[in-house]
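Undergrad: Mind having a look at this structure? Questions to follow.
The values are calculated or read from the model by the stated rules, or taken from the named source; none is laboratory data. This structure is a prediction, so every number in the text was calculated from the model and none was measured. Note: ideal-geometry Cβ built from the backbone for every residue, glycine included; neighbour counts use all protein chains shown. Heads up: the accessible areas ignore ligands, DNA and RNA and are worked out on the full protein's heavy atoms, side chains in. Shrake-Rupley method; radii C 1.70, N 1.55, O 1.52, S 1.80 Å.
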Amino acid sequence: MSRLVDRIYESAFVPDLWPEILVKLAQLGGAMSGWLYISNGNAVRWTASSEEARADLRPLMESGQFTRLERLKRLLRAKQTGFVADHTLYSSLEEMGNDPAYRDMLYPRGMGFAAGLAIVLPTGDDMAIALERAYDQGPVPPAVIESLNAVHPHLARASFVAARLQLERARAASQALALLGIPALVFADNGKVLGANHLIEALSGFILWRAKDRIALSDAGADALLRDAIATADQDDAPSVRSFPVRNAGSAMIAHVVPIRGSARDILFRCAAMLMLTPVTRPEAPPADLIRSLFDLTPAEARVARGLAAGQTVKDMAAESGTSAHTVRSHVKVVLAKTGYGRQSDVVALLNGLRPPGFANDA
């Protein structure tokens, strides 16, 4: 038991240990497998004790069916401190057997009874652990629940520590950018702000603070792009950086949404992305390298964008680059789409106001 408790606390710092812990909990509870589920109302994260268990759960998780299962809802609503036997969540075994979670998912796999645990994390997320027993073992006996509850306080403390650590990392990241003069905030995969520096908090003309630690951009078009960036930040095929202009009363800034992936992510709690704002203030055509980095343009698209800012015509740019006017027009359309504008004059006004710190002008 002491070894299991040690590993539980290690998981607060090493999230990859959770499958191993689920294996140990399943053994302690006489279960076939175990899984851990985190939900913030929109996004879902989960893991399981083995690859076989993960393969069983994956279709349900990816389809969204799992979040609608009655058993899970009852476990979360019960608000029990510690593990509970699942049959106690129903008025009878007959009612439990009519639940699609049992009838369609568990019974066909030889399972039918479980010990479950629900914890509300400091971030507001719901965490649930279920240890699935074989159907022919019958309901989970009180002695098993007692054994599992001996480790419940450690599971609760470790999950709280993990969530708190991630919150502190988020705040530290935003404060570090403040030292570089960059307004920034970090948000979770449901859009909740986890940490923000004083520079971005001061941009009241661009940032609107909402209830429950949410934000919106005052520019409706930019806000729609931000909402989409938040919704897709968790997808592996999403762009590495999303950049777009944010306008307010004749002035503008460039918003950059940078997904946080890899080791910075955690099964219990995730920093999804960082929002940074770049000021637009300089009255001259910016260098192509800066334009390219801000809007994820190709080198050719960046040259066309700078040409527009410098007042060149399509014919001029085609002659200079040795390409056709049709090709240049195609690049112009892409530049308009990536900068979020519908007119060339708006793009010219935006690019002529960019301040490129650390870049030399490339005439």
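Undergrad: Can you give the FRET efficiency to the nearest 0.05 for VAL5 and GLU52, using r as the Cβ-Cβ distance and R₀ = 45 Å?
TA: Here the calculated transfer efficiency is 0.95.
Undergrad: Using a 1.4 Å probe, how large is the accessible area of ILE207, given in Å² and rounded to the nearest 10?
TA: The accessible area of ILE207 comes to roughly 0 Å².
Undergrad: For LYS24, what is the net charge nearby, where nearby means another residue's Cβ is under 9 Å from its Cβ and Lys, Arg count +1, Asp, Glu -1?
TA: Taking every Cβ under 9 Å from that of LYS24, the sum is +1.
Undergrad: Where the convex hull is taken over the Cα atoms of region 11-91, what is its projected area averaged over directions, in nm²?
TA: 6.2
Undergrad: Which order do GLU132, GLU70 take when ranked by solvent-accessible area (1.4 Å probe, heavy atoms of all protein chains), largest first?
TA: In descending accessible area the options line up as GLU70, GLU132.
Undergrad: Okay, moving on. Let me check something: with ligands and nucleic acids excluded, how do ARG71, ARG157 order by accessible area (1.4 Å probe), largest to smallest?
TA: ARG157, ARG71
Undergrad: Rounded to the nearest 10 Å², what accessible area does ASP6 have for a 1.4 Å probe in the complete protein model?
TA: Counting only protein heavy atoms, ASP6 exposes about 90 Å² to solvent.
Undergrad: A follow-up question, please. If DNA, RNA and ligands are ignored and the probe is 1.4 Å, what is the ranking of LEU179, LEU121 by accessible area, most exposed first?
TA: Final ranking, largest accessible area leading: LEU179, LEU121.
Undergrad: Of the accessible area of region 1-148, with the probe set at 1.4 angstrom, what percent is carbon plus sulfur?
TA: Carbon and sulfur atoms account for 51 percent of the accessible area of region 1-148.
Undergrad: If you don't mind, another one. Mind grabbing the accessible area of GLU51 for me, 1.4 Å probe, Å², rounded to tens?
TA: 100
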